[in-house]
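Here's the structure we're looking at; comments come further down.
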Amino acid sequence: MLAYRHAFHAGNHADVLKHLVLAQVLRHMAAKDKPYTLIDTHAGAGGYSLEGRYAHTKDEFQGGIARLYQRNDLPKVLADYVALVREFNGGGALAQYPGSPAIASLLLRADDRLHLYELHPTDERILRAFLGSRPHTTVGLSDGFAALHKELPPPSRRGVVLIDPSYEMKADYAKVLAAVREVLERFAAAVVLVWVPQLRTLESQQLPQRLQNSAAKSAPKGWLHARLTLAAADARGFGLLGSSMFVVNPPHGLHDALHAVLPFLVETLGQFEGANFLLEQQAA
């Protein structure tokens, strides 16, 4: 578990989908004056160099953010996300990629709370140096799954929980289901964002359906599932085919925003002729 480093994958097509959705949800939360809390269970280092050896091991960002960064014809929602990446780069060339904590730091207001958890000690130290001094922010070298019981409900009764483990251990799939159930039991109104890799494994294929049928059943505003399938498996059947974002209690307007942008992402980021998207939603 501690061998995983997101720096190898920063800015890839999965990050594009994840952070596009995260940005839209946080924009929605900021539309009301009352502060909210964002809990990130697997925060990583916060930001990543795209010029170092980790990023260039597989150059995954070249099939993700690099295909969008210089374009001036992006749909509005996508342009908003890319503008955040540009802001993280100081408006210059694409040299760094903001992880979820950095995206959040660009969007949270001064009185919004940011609670970050990361188990990898090196990434946690980087994250603490980056955001540890931000007001109303905590950075913990601990298991984000285990921390949920003390985090919920948040003081303002407004909150977002982002759950995106590496899934390198099969146990993560069951832990995600249990975590979503716990969040909804403790704070039914929480907006919960779950990132799911699209792999040719039974656990990966079943998780969105299991979330629909079980974990999200009690959500007062239902659920939304957005999936991008962008790559074909390799000759052995391995590889990241795409990814999903499963949103419990999705904000109003998120479905329409994604419906306007997912076809563009299929066309722009797709790596084979069968690239496609899925967008489904169920109200409570």
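Assorted remarks:
- Single residue of segment 3-15 satisfying the filter (at pLDDT below 85 and out of contact with any helix residue (DSSP H, G or I) (no Cβ under 8 Å at 6 or more places or on another chain)) that is farthest from Gly270 (Cα to Cα): Ala3
- The criterion of being at pLDDT 95 or above and farther than 21 Å from Val191 by Cα holds for Phe130.
- For segment 144-193, a residue qualifies if it is of a type outside the set (A, V, I, L, M, F, W, C), touching a residue at least 40 places away in the same chain (Cβ under 8 Å) and in a loop (DSSP other than H, G, I, E, B), and the qualifying residues are Pro154, Pro155, Ser156, Arg158, Asp164, Pro165, Ser166, Glu168.
- Segment 34-76, subset β-branched (Val, Ile, Thr) and modelled with pLDDT of 95 or more, residue nearest to Gly270 (Cα to Cα): Ile65
- Subset of segment 87-121 that is polar (S, T, N, Q) and without any contact (Cβ under 8 Å) to a residue 60 or more places away in the chain - its residue that is nearest to Ala10 (Cα to Cα): Gln96
- Residue check, Gln281 of a type outside the set (Asp, Glu), modelled with pLDDT of 95 or more, out of contact with any strand residue (DSSP E or B) (no Cβ under 9 Å at 6 or more places or on another chain) and not in a loop (DSSP other than H, G, I, E, B): no
- Note on segment 44-76: among residues that are farther than 23 Å from Ala231 by Cβ and touching a residue at least 24 places away in the same chain (Cβ under 8 Å), the one that is surrounded by the fewest Cβ atoms within 10 Å (Cβ to Cβ) is Lys76.
- Top-ranked residue of segment 166-188 - restricted to ones that are within 19 Å of the chain's Cα centre (by Cα) and either of a type in the set (Phe, Trp, Tyr) or within 18 Å of Leu114 (Cα to Cα) (or both), ranked as surrounded by the most Cβ atoms within 10 Å (Cβ to Cβ): Val183
- Selection count where residues are among the hydrophobic types (A, V, I, L, M, F, W, C), out of contact with any Ser or Thr (no Cβ under 9 Å at 6 or more places or on another chain), surrounded by 13 or more Cβ atoms within 10 Å (Cβ to Cβ) and not in a loop (DSSP other than H, G, I, E, B), scope segment 194-251: 8
- Unmet requirement for Val21, which otherwise passes all of (1) surrounded by 18 or more Cβ atoms within 10 Å (Cβ to Cβ); (2) outside any helix (DSSP H, G or I): (2)
- Looking across segment 252-278, just one residue is in a loop (DSSP other than H, G, I, E, B) and charged (D, E, K, R), and that is Glu273.
- Here Thr138 fulfils each of the conditions (1) closer than 22 Å to Leu20 by Cα; (2) in contact with a strand residue (DSSP E or B) (Cβ under 7 Å, 6 or more places away or on another chain); (3) of a type in the set (Val, Ile, Thr) apart from (1).
- Any hit, segment 149-159, residues being surrounded by 23 or more Cβ atoms within 10 Å (Cβ to Cβ), within 19 Å of His252 (Cβ to Cβ) and of a type outside the set (Lys, Arg): yes
- The single residue among Gly222, Gly270 that is at positive phi and not hydroxyl-bearing (Ser, Thr, Tyr) turns out to be Gly222.
- Scanning segment 92-123 for residues that are surrounded by fewer than 16 Cβ atoms within 10 Å (Cβ to Cβ), farther than 15 Å from Leu50 by Cα and of a type outside the set (Val, Ile, Thr) yields a total of 5.
The values are calculated or read from the model by the stated rules, or taken from the named source; none is laboratory data. None of these values were measured; they are calculated from a predicted model. Counting neighbours? That spans all protein chains shown, and the Cβs are built from the backbone with ideal geometry, glycine included.
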